[in-house]
Structures are given as C-alpha cells and as structure tokens.
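The values are calculated or read from the model by the stated rules, or taken from the named source; none is laboratory data. As the structure is a computational prediction, the values presented were derived from the model and not from experiment. No Cβ is skipped: glycine too gets one built from the backbone with ideal geometry, and neighbour counts run over all protein chains shown.
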Amino acid sequence: MKYTLLILFCILFLSNCSSQKVEKSSDSPSNLLFEVHKIKIDTGGPYQKYCIYVRSSNLKLKQSLPFFVKEVWTECQGKRSDFAPIKIASQYEYNISLPTFYYTVETPRKITKDICGKINFLLGNEKVEVEADFKQTKEKFLPIPGFYLVSDSLFIFYLDLIRLQPSGNEYFPTSERLRIVIRCNSGKIIWSSDNDLNFLQVIGSVEPAEVGGISRYIIPWNRTSNDGKFVESGDFEVLFILPTKPENIVRTMKLSIK
C-alpha cells in the first residue's frame with residue numbers, strides 16, 4: 001500500500017517530535033488521512049517509554065470520515081510490543097470528542113527502525129504502517145496545538161500537553177489555563193480568549209503530572225473579534241499559550257480561513 005505526504009493549509013511549528021502526515025492512496029476505499037507524532041521518553045531506569053500521538057487531519061468534524069485507532073503495535077527481533085491506549089483527559093466543560101488518540105508502551109527493548117519493523121495501526125478494519133523513527137528531546141513538555149471546525153463559525157482550539165520530564169517548579173498563578181490569541185499578519189490582535197476577563201488568583205498544578213501522561217487544554221471560538229464583529233476570511237497567526245510560571249508554554253500556528 002502506498003502513502004504520500006500531505007501538507008495542510010494550517011502549518012504547525014513543532015520541533016520537539018517526529019511528525020508525519022500520511023494520506024492513503026486513492027485506490028483505498030476510505031482514503032483515511034492522519035498525522036502521527038512519535039516520541040521517546042527516558043524514564044531514568046532500565047525501561048524506556050515510547051509514545052504515539054495520532055489525530056485525524058480532516059479539520060471539519062461533521063464531514064470527517066470515521067476515524068478510530070483500534071490497535072498500535074510493532075515487532076522487534078521477533079517479539080511483539082503492543083502500545084496501550086491512554087485517555088486524553090480534559091478538565092473543562094468543552095470536553096467534546098475529538099478524533100485524536102494517544103498510545104504508550106514501556107519496555108527494556110529499544111524500538112528503532114534499524115531493529116524493528118514498522119509501527120502498525122489498525123484504523124477500523126484497515127492496517128496502516130509508519131516508520132519506527134521515535135525522537136527524543138530534553139524539553140520538559142511537548143505541546144501539540146490544533147483545532148477542529150464544528151461549523152464555519154465555531155472553532156475548537158486545543159493544546160494537548162505531553163509531559164517529558166518529572167514535575168518541577170511549574171505552576172499556574174491564576175485559574176486561567178489555555179489562552180488563545182489570534183492576530184493578523186501585521187501583528188494586530190483580532191481576538192484573545194482572556195479579553196475583559198478576570199481570573200481567580202489561585203495557584204494550580206500543571207497537568208499532566210506523570211511523565212508520559214497527556215492532558216488537553218481547550219477553548220472554543222465563535223469567529224468574532226474582541227469588539228464583537230464577525231471575522232472575515234484571511235490569513236492569521238494563532239498563539240496557544242499556557243500562562244504558567246516561571247515561563248509560559250507557547251506554540252504558534254498559521255491559520256487560513258477561506
């Protein structure tokens with residue numbers, strides 16, 4: 001089965017992991033399209049943790065084909081390693097179902113493309129393969145930003161945060177969690193999720209607490225500006241900010257609204 005790379009109209013600036021966008025060839029009946037992030041985490045002991053984050057690349061939720069990851073596994077030197085599914089938890093009332101999946105495995109064996117076969121995904125009833133090229137970083141977190149469209153006027157922005165290092169001195173100084181800032185190419189801010197809002201001055205922990213764990217931070221946007229006007233088509237920059245101390249966790253995405 002052949003695969004081709006696809007570049008979406010939204011470009012994510014992610015330098016901390018291996019990311020691959022895969023589109024199944026046109027002779028496939030389902031033509032599933034998805035994005036894979038493969039991360040290796042050093043646990044400090046004899047076991048290594050390998051993590052796989054998978055999400056559908058179809059941005060329109062109501063028009064997306066059924067996308068469900070049933071199994072993830074690989075074989076290394078004749079021994080099979082199965083990845084366990086991990087629920088992506090969100091602490092917010094916007095915890096809607098998104099076509100994203102997270103799998104991990106802890107093993108004393110190395111999982112590399114030199115000694116292992118492909119990483120196998122069972123998507124519905126179809127098997128898909130990708131390279132076992134896991135990447136490792138010294139960063140404390142891996143933030144993965146994204147969005148899905150519920151309708152032409154309702155966006156769901158989210159940031160899935162994977163912890164790569166043990167918990168340190170990071171914390172939230174207020175009750176605000178994810179902040180979304182949308183600005184045009186000139187730098188002018190079109191919309192900010194914290195506009196005219198006051199937050200409780202309470203200290204909160206940064207989730208997830210477990211190394212290799214994942215938590216979701218989510219904000220909806222109804223395509224209106226800070227002054228209440230409908231935002232017309234155009235090219236924008238979206239900042240995903242977790243306002244943590246001692247420093248913010250920030251990722252940037254290009255957004256083109258047609």
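Among (1) at pLDDT below 95; (2) farther than 29 Å from residue 56 by Cα, where does residue 170 come up short?
Here residue 170 clears every test but (1).
Look through 43, 112, 104 and report the one residue that is at pLDDT 90 or above, surrounded by fewer than 18 Cβ atoms within 10 Å (Cβ to Cβ) and polar (S, T, N, Q).
Of the residues listed, the single one that is at pLDDT 90 or above, surrounded by fewer than 18 Cβ atoms within 10 Å (Cβ to Cβ) and polar (S, T, N, Q) is 112.
Counting only residues that are in a strand (DSSP E or B) and more than 17 Å from residue 249 (Cβ to Cβ), how many does the stretch 170-191 have?
Here the count works out to 6.
Return yes or no: is residue 56 closer than 19 Å to residue 218 by Cβ, surrounded by 15 or more Cβ atoms within 10 Å (Cβ to Cβ) and modelled with pLDDT of 60 or more?
yes
Quick one: how many residues across the stretch 122-179 are closer than 30 Å to residue 230 by Cα and among the small types (Gly, Ala, Ser)?
The qualifying residues number 4.
Determine whether the stretch 234-252 contains at least one residue that is of a type in the set (Ser, Thr, Tyr), closer than 30 Å to residue 83 by Cα and part of a strand (DSSP E or B).
Scanning the stretch 234-252, I find at least one residue that is of a type in the set (Ser, Thr, Tyr), closer than 30 Å to residue 83 by Cα and part of a strand (DSSP E or B), so the answer is yes.
Evaluate the following for residue 125: is it of a type in the set (S, T, N, Q) and either surrounded by 14 or more Cβ atoms within 10 Å (Cβ to Cβ) or in contact with a strand residue (DSSP E or B) (Cβ under 6 Å, 6 or more places away or on another chain) (or both)?
Answer is no for this residue.
Please indicate, with yes or no, whether at least one residue in the stretch 143-153 is surrounded by 15 or more Cβ atoms within 10 Å (Cβ to Cβ), in contact with a Gly (Cβ under 8 Å, 6 or more places away or on another chain), modelled with pLDDT of 90 or more and outside any loop (DSSP other than H, G, I, E, B).
The answer is no, given that none of the residues of the stretch 143-153 is surrounded by 15 or more Cβ atoms within 10 Å (Cβ to Cβ), in contact with a Gly (Cβ under 8 Å, 6 or more places away or on another chain), modelled with pLDDT of 90 or more and outside any loop (DSSP other than H, G, I, E, B).
When residues of the stretch 154-188 are filtered for being hydrophobic (A, V, I, L, M, F, W, C), touching a Pro at 6+ places or on another chain (Cβ under 9 Å) and surrounded by 15 or more Cβ atoms within 10 Å (Cβ to Cβ), how many remain?
Qualifying residue count for the region: 8.
Can you name the condition, by its number, that residue 210 falls short on among (1) more than 24 Å from residue 161 (Cα to Cα); (2) part of a loop (DSSP other than H, G, I, E, B); (3) not basic (Lys, Arg)?
(1)
State whether the residues of the stretch 81-97 include one that is outside any strand (DSSP E or B) and at pLDDT 95 or above.
Taking every residue of the stretch 81-97 in turn, at least one turns out to be outside any strand (DSSP E or B) and at pLDDT 95 or above.
May I ask you to verify whether residue 241 is surrounded by 12 or more Cβ atoms within 10 Å (Cβ to Cβ) and at pLDDT 95 or above?
Yes.
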